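The values are calculated or read from the model by the stated rules, or taken from the named source; none is laboratory data. All figures in this text were calculated on a predicted structure; none of them were measured in a lab. FYI the Cβ positions are ideal-geometry reconstructions off the backbone, even for glycines, and counts take in every protein chain you see. Side chains are part of the model used for accessible areas, which takes the heavy atoms of the whole protein and leaves out ligands, DNA and RNA. Shrake-Rupley method; radii C 1.70, N 1.55, O 1.52, S 1.80 Å.
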Amino acid sequence: MKLTKELTTAALAILVLTVVLGLAYPLAMTGISQIAFPDKADGSQVEVDGKVVGSRLIARAFKTRGGKPDPRYFQPRPSQSDYSASATFFSNRGPNSAVARFFYRDALASYLELERRYDPGLTAAKVPVDAVTTSASGVDPHISKANADIQAHRIAAVRRLALARVNALIADNTDGRFLGVIGEPGVNVLELNLALDEARR
């Protein structure tokens, strides 16, 4: 009799908690977020001519049909998940890892190969850390201002734009520190690339 009562109580607790925490709470939070923050609740999607081209919150690759970085666009920082929003994770490479050493060596070589022909004075020592390292999520939509400034030389040359014009677009698409003190300013790559395309229209 006592065992039956305990099993009934446990089953009721599971049922109530499932309904409250598994259904009611998520539905309430979804409803509140849709009313208070409709754009953010839907993933901060970015549309161009009625077509979703990405999210302000998730990096995406800008590549040629051959799979190489498209020189016409700013490039995001490297991603261990190939910019997949459904599989975000960090690399877990320790400072003494041989795998990390090879990864950063290759990432640095790729960055220099893409940028140095447009910025002859660029050396490995001048490459910002975020240009060769992945973020914790693997899909950080921002790059550092220093990274964007280096890439600006390539963009200006390939698109035949004045460097000052490209730098102005970088400034327009740079997010400041949170509350003015937390974090570092970052350049949203997707929004900057869309601004570049708009500048050519």
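Tabulated values for the structure
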quantity	calculated
Residue check for VAL129: out of contact with any helix residue (DSSP H, G or I) (no Cβ under 7 Å at 6 or more places or on another chain) and in contact (Cβ under 8 Å) with a residue 60 or more places away in the chain	no
Residues being open to solvent by less than 40 Å² (accessible area, probe 1.4 Å) and part of a loop (DSSP other than H, G, I, E, B) - total across segment 140-172	3
Residue list for segment 62-108, filter: among the β-branched types (Val, Ile, Thr), assigned to a loop (DSSP other than H, G, I, E, B) and either at pLDDT below 85 or open to solvent by less than 40 Å² (accessible area, probe 1.4 Å) (or both)	THR88
Failed item in (1) under 26 Å from ASP49 (Cα atoms); (2) open to solvent by less than 50 Å² (accessible area, probe 1.4 Å), with SER137 passing the rest	(1)
Matching residues in segment 173-201 - criterion: being at pLDDT below 80 and either under 14 Å from the mean Cα position of the chain (by Cα) or open to solvent by less than 50 Å² (accessible area, probe 1.4 Å) (or both)	GLY183, ALA199
